[in-house]
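To keep things clear, I will list the structure first and then write my remarks on it.
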Amino acid sequence: MGAAVPLRSPVTPRRIRITGLTLRRTLLNAAQPGGAFLTGELAFADDASGFDYAAATYTSATSGQQLTLRFSRYGSSFRSGLVSGTVVSSALLPPQAAPGSWQLTSLLVVDWAGTTLDHAV
């Protein structure tokens, strides 16, 4: 008799998806007293373990300065369930920030199982 060959079932990869990334305001004046806050809302869906954290990095088109919004499953800005929902983050755009356009240049999202979505724009 021959050796038995174990059958392997197909493995479905875990996925985390971004269903939306919006900014509360798109026109900010960093020169105002105290600077200005960039606030974003990230909508997500994950098929298994749930959202853990994310980072959206914006880069000035004129100076190369960067500002990162960090989203976390911890804190009061987390809404809905871990598998799908929204999370809000704010970051201070300091008074010395370059004027002009800032663009989303990278997005990193990690779910609770460690699955990573890393996208350079």
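Taken together, the values in this text are just the output of simple stated rules run on the coordinates, not laboratory data. Small disclaimer: the values here were computed from a predicted structure and weren't measured. Reconstructed Cβ throughout: ideal geometry from the backbone, glycine too, with neighbour counts over all protein chains shown.
For Cα pairs less than 8 Å apart in space and 6+ apart in sequence, what is the mean separation divided by the residue count of segment 37-121, i.e. the relative contact order in percent? Mind dumping the intermediate values first?
Working: 184 pairs, mean separation 32.3, N = 85.
It comes to 38 percent, rounded to a whole number.
Which order, highest average first, do 27-34, 61-68, 49-56 follow once you tally other Cβ atoms within 10 Å for each residue and take the mean per peptide?
Working: 27-34: 11.2, 61-68: 12.8, 49-56: 20.0.
The most tightly packed comes first, giving 49-56, 61-68, 27-34.
Round to the nearest 0.05 the FRET efficiency obtained for Val110 and Ala61 when R0 = 41 Å and r is the Cβ-Cβ distance.
0.90
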- request: List the residues of segment 35-61 whose backbone N lies under 12 Å from a point placed 7 Å from the Cα of Leu92 along the Cα-to-Cβ direction.
  value: 35-38
